[in-house]
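Visitor: Okay, here's the structure, questions in a sec.
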Amino acid sequence: MIVRAPHLRDDRLFDYYLAERAGDIVDPPAAEHLGDCAACGARYAELVRTMDAVRAEADAETDEIFTPERLRAQQQQIARRLEHVGRAARVISFPGRLVSRHMSGSTARGVTQWVYAAAAAGLVIGVGLGSFYNTEWRSAHRARQVATGPETILAPSTAVATRGTGPAVEASDEAFLSDLEVALERPHTSELQPFDALTPHVRESR
Amino acid sequence: MSSDLRTSSDARPAGAADTPVVAAPAPKGRRPPVSEDSRLAIEIRSLVERGEMEEARERFGGLVAVHQRRASRIAYQYLRDAAEADEAVQDAFVKVFAHIASYREAWPFEVWFTRILINGCLDRRKARARRDRWFVSSIDATPADEARASAAIAAPGANPEARLLARERRSRLAAAIERLSGRQRDVFMLCHYGDCTPREVSAITGLNESTVRVHLFRAARKLRGFLGGTP
């Protein structure tokens, strides 16, 4: 009785494919089985076709994108970047003049003291001048008030008091308030104003 | 060394999204044969140590030329943004040169470089996710990428329909890869886009080689499911 070897499992088939692709020694029983069994041979051929197609697609895609010109440009770019490897970074001195002067510790302390003193003097002078000018302005303002007299000061209140008298003033006030009312009632948006003009108003019906 | 080369090991959850790639300890006893680029890296390291920077830079150009295309492919698949991938690749090379003194020949240069590149890409992904929480999403193609894609479609001699279909296929594939868990995605990308063997992926990620194989197999199975093949 002839016992037929079982079909190759997928993982064994895949190992066979990897070994064959890498040029390693293939599994002899598997190779023998693949030679004899048509079904396993077909499965193996399908596996190889799929994997080769995957690889071929990747190759074609890479060749399309990374053309020889692009690879050359990449090489040049790498070469340019390598120029800077191993070189110390350039340090830009700032501020150049102060660094070159090289101040000693005591000199620096003296300069700082002078800066504080100048700032304090500036503050004192500023406050003094401010208070002086304020006093000047107040006295001048008072002198102006004395020169114009009390009636000038009272003039606005007088005007307010006299405004309400007389029918002419009353009519103009009425017109002003009416205009104000109309302005408030109308829409402020210019696009809506034509619609507002077409719409009847309560004030017109009165 | 910068924080990109995180050397503490197993404190991360397996399959966690965008977890930094941590190097496996160097193999004891057996030493792998030194590859051409690793030998070049060792020479550059000696030049830097002797202070011959001009010569070191010139030699480093050779390493850039060897790894640039592969690095760009990996970075682009991680970031899906050409400009950002470009920057990530540049940063990785500059970082490698700046820290070449810490390169040890216990692992191939390719493994060391890839680890630095992927850590940079993961940091960028994290930063982008943080940015996207507060600002407009940048996961979608950038205007520059869109313009490039439109220009490619409108290019004379190109078949616009075929290009559109290719673009659609790629975005489907990218979306499917995006749906993988962080560890599966890392392993799959390193193996399929970075041309790494499971052993190298194990060295880069610090995972056991058999664990790498399991992740890889699961990732492939999921991808086939997402893309409409037999899961």
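Visitor: Can you give the FRET efficiency to the nearest 0.05 for A:Ala31 and A:Ile92, using r as the Cβ-Cβ distance and R₀ = 56 Å? Please report the intermediate quantities before stating the final value.
Guide: Details: r = 69 Å, r/R0 = 1.23.
That gives a FRET efficiency of 0.20.
Visitor: Quickly work out the A:Glu20-to-B:Arg133 label distance, labels modelled 7 Å from Cα along the C-beta direction, and quote it in nm with one decimal.
Guide: A separation of 4.6 nm, rounded to one decimal place.
Visitor: Within a 10 angstrom radius of the beta carbon, how do A:Arg72, A:Arg55 rank from fewest other beta carbons to most? Can you show the working numbers first?
Guide: On the way: A:Arg72 12, A:Arg55 16.
Ascending number of Cβ neighbours within 10 Å: A:Arg72, A:Arg55.
Visitor: At what distance in nm do the modelled label points of A:Trp137 and A:Arg49 sit from each other, each positioned 7 Å from its Cα along Cα→Cβ?
Guide: Output for this residue pair reads 9.7 nm.
Visitor: Going through region B:84-124, which trypsin sites (Lys or Arg not before Pro) have at most 13 other Cβ atoms within 10 Å and a DSSP loop state?
Guide: Numbers: sites: B:Lys95, B:Arg104, B:Arg115, B:Arg124; in loops: B:Arg104.
For trypsin sites (Lys or Arg not before Pro) across region B:84-124 that sit outside H, G, I, E and B with at most 13 neighbouring Cβ atoms in 10 Å, the list reads B:Arg104.
Visitor: What are the residues whose amide H is under 5 Å from the amide H of B:Gly206, where those residues sit 5 or more places off or on another chain and H is modelled from the backbone?
Guide: B:Ala24
Visitor: Would you mind getting me the FRET efficiency between B:Glu54 and A:Tyr116? Use the beta-carbon distance for r and R0 = 41 Å, nearest 0.05.
Guide: With R0 = 41 Å, the Cβ-Cβ based efficiency is 0.15.
Visitor: Let me confirm one metric for peptide B:212-220, namely the mean number of other chain beta-carbon atoms within 10 Å of its residues' beta-carbons.
Guide: Working: counts 1, 4, 2, 0, 5, 9, 3, 1, 9.
Per residue, the average neighbour count from other chains is 4.
Visitor: Follow-up. If I model a spin label as a point 7 Å beyond the Cα along the Cα-Cβ vector, how far apart are those points for B:Ala83 and A:Gln145 in nm?
Guide: If labels sit at B:Ala83 and A:Gln145, their model points lie 7.2 nm apart.
Visitor: Report the gain in length on full extension from A:Ala60 to A:Val182: 0.36 nm times residue separation, minus Cα-Cα distance, nm rounded to one decimal.
Guide: Details: separation 122, 0.36 × 122 = 43.92 nm, distance 7.79 nm.
Stretched fully, the A:Ala60-A:Val182 segment lengthens by 36.1 nm.
Visitor: Report, by chain and number, residues whose modeled amide H sits under 5 Å from the one on B:Cys196, excluding near sequence neighbours (fewer than 5 apart, same chain).
Guide: The list, which skips near neighbours in sequence, is B:Cys191.
Visitor: For A:Val127 and A:Ser172, FRET efficiency with R0 = 60 Å and r from the beta-carbon atoms, rounded to 0.05?
Guide: Details: r = 53 Å, r/R0 = 0.88.
Once the sixth-power term is evaluated, E becomes 0.70.
Visitor: Right, another one. With 10 angstrom as the radius, rank B:Val212, B:Val111, A:Val127 by how many other C-beta atoms surround their C-beta, starting from the fewest. Mind dumping the intermediate values first?
Guide: Details: B:Val212 26, B:Val111 23, A:Val127 10.
With the sparsest Cβ surroundings first, the list reads A:Val127, B:Val111, B:Val212.
None of the figures in this text is laboratory data; all of them are computed from the coordinates on show. The structure presented is a predicted model; accordingly, all values stated were derived computationally and were not measured. No Cβ is skipped: glycine too gets one built from the backbone with ideal geometry, and neighbour counts run over all protein chains shown.
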